[in-house]
Amino acid sequence: MRPSMKMGMIVLIGVFVVFYQYHLSTGVGFDQLTDFNTEMRSNLLYLYSAMSTSLKRSLSISVVRRVQEANGLSPDTASMLVQELVNHLHKNILELSENNSKIVQRLEPPAKNELSREQKLLIKFNETLEPLYIITPTYRRPEQIPELTRMSHTLMLVKNVHWLVIEDATVTTKQVTRLLERTGLKFEHLTAPMPEKYKQKKGAKPRGVSNRNRGLQWIRANATNGVFYFADDDNTYDIALFDEIRKTKRVSMFPVGLCTKFGLSSPIIKNGKFVGFYDGWIAGRKFPVDMAGFAVSVKFLLQRPNATMPFKAGYEEDGFLKSLVPFEPKDIEFLADNCTRVLAWHTQTKKNEPSAPLNMKLYGETNLVKLKQQIV
């Protein structure tokens, strides 16, 4: 459930708490309530309809508990009121659904000047949060769209996020553009191909470096506050991670699961103090961390105009963090409950072979033509 929905439900619960108290003192029933603004009720019931059954009942119990404490109700009466509240809200949703209400329809959002006061308050609340800039390097391959789809569904649950999707290509991929447009997220779709001299080198290549540096360039030109995070499209992210990284004041770090032969990459905390790094590949790095294991304040970056990621395979994270001088391991902010929770996972989807060409003589006039356009 989106945080904006939760806030809307707080308003809804407050309204019904007041009405319960009025109901108890006067005996007026739910169906006799005529002063409740219809538009406000519709908007709030829309939020309620999107909730799970267990969450609806949990919120109702919470409401009645408050009323019970204020009015000295017996447990039996309280239980009756819980059921009455659930039934009443459910009845309203059904009635509005039968009347072709906007509650159960996924319509385009109204223009800003048509928003209700409550909707404007919710928007204003979200806009007061500092933005999160998520920098995602990507490249054309069979797994690209599925992985970006998975990631987009996570980011759609995050408040005030701006997604920078940067392809290792000379032109953007239309399929990626269409996906980004469908998400409803704020996004930038950019390109940053790897320089040819690195493509021609033998051995490991510095993949994603030109993409991430392009993201840093965009942030320097367009952002003034907030936090940025390098989020590769083949990782899996717990929604709680984004609330954590929003706390970043300078540079924060946190564990990453399924990373290296150790299965984990993390700062080591002993008796509440930082004592080193746990990673399967130290290799003389000052900051032996995974790309998904740190976030940086935009203001902190802007104060360091020379910070950049080097084109050195295996040392991208270390090189970038060292370029944030002055910055030392003692300055790290440790998130995820002092690095005791794994909120980012280096899952790495299995690579697939490119799909075989479609036999146009056999299938040229079938649905397979459109389907094949979505498969690399």
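The values are calculated or read from the model by the stated rules, or taken from the named source; none is laboratory data. The model shown is predicted, which means the values in this text are computed figures rather than measured ones. Cβ: placed from backbone, ideal geometry, glycine included. Neighbour counts: every protein chain shown. Heads up: the accessible areas ignore ligands, DNA and RNA and are worked out on the full protein's heavy atoms, side chains in. Shrake-Rupley method; radii C 1.70, N 1.55, O 1.52, S 1.80 Å.
Entry comment: accessible area of the stretch 123-345 is 46 Å² per residue, from protein heavy atoms only and a probe of 1.4 Å.
Each residue of the stretch 142-159 is assigned a 3J(HN,Hα), and the resulting list reads x, 8, 4, 5, x, 6, 5, 5, 4, 5, 4, 5, 6, 5, 5, 8, 9, 6 Hz, derived from the Karplus form 6.51 cos²θ - 1.76 cosθ + 1.60 (θ = phi - 60°), x at Gly and Pro. Since only Pro326, Leu185, Leu129 are under comparison, the one whose Cα sits farthest along the positive direction of the charge dipole of the stretch 123-345, derived from C-beta charges on Lys, Arg, Asp and Glu, is Pro326.
A simple spin-label model places pseudo-atoms 7 Å from Cα toward Cβ; at Glu188 and Arg141 they are separated by 2.5 nm. Electrostatic tally near Val289: other residues with Cβ closer than 12 Å to its Cβ, Lys and Arg +1, Asp and Glu -1, net -2.
Can you compute the label reach from Lys299? Point 7 Å from Cα along the Cβ direction, backbone N cut-off under 16 Å, restricted to the stretch 227-258. Hits in the stretch 227-258 for Lys299 at 16 Å: 227-228, 246-252. Filter Lys197/Lys312; Lys270/Lys299; Lys205/Lys312; Lys249/Lys299; Lys273/Lys322; Lys249/Lys312 down to the pairs with a C-alpha to C-alpha distance above 19 Å, please. Where the Cα-Cα span goes over 19 Å, the pairs concerned are Lys270/Lys299; Lys273/Lys322; Lys249/Lys312. Of all DSSP beta bridges confined to the stretch 123-345, the antiparallel ones make up roughly 40%. Among the trypsin sites (Lys or Arg not before Pro) found in the stretch 294-361, those both in a DSSP coil and sparsely packed, with 12 or fewer other Cβ atoms within 10 Å of their Cβ, are Lys350, Lys351. Overall, the anisotropy analysis places the stretch 123-345 in the rounded class: the square-rooted eigenvalues a ≥ b ≥ c of its C-alpha gyration tensor yield a/c less than 1.5. If you take all other residues with their beta carbon under 14 Å from the beta carbon of Trp218, and give Lys and Arg +1 and Asp and Glu -1, the sum is +2.
Where in the stretch 131-152 does the amide nitrogen come within less than 20 Å of the point 7 Å from the Cα of Thr224, taken along Cα to Cβ? Under 20 Å, as judged by backbone N against the label point of Thr224, lie 131-134 of the stretch 131-152. Carbon and sulfur together cover what percent of the accessible area of the stretch 123-345 at a 1.4 Å probe radius? Carbon and sulfur atoms account for 53 percent of the accessible area of the stretch 123-345.
Restricting the stretch 222-270 to chymotrypsin sites (Phe, Trp or Tyr not before Pro) that sit in a DSSP loop and have at most 12 other Cβ atoms within 10 Å of their own Cβ leaves Phe262. Near Asn338: Cβ cut-off under 12 Å, other residues only, Lys/Arg at +1 and Asp/Glu at -1. The net charge is 0.
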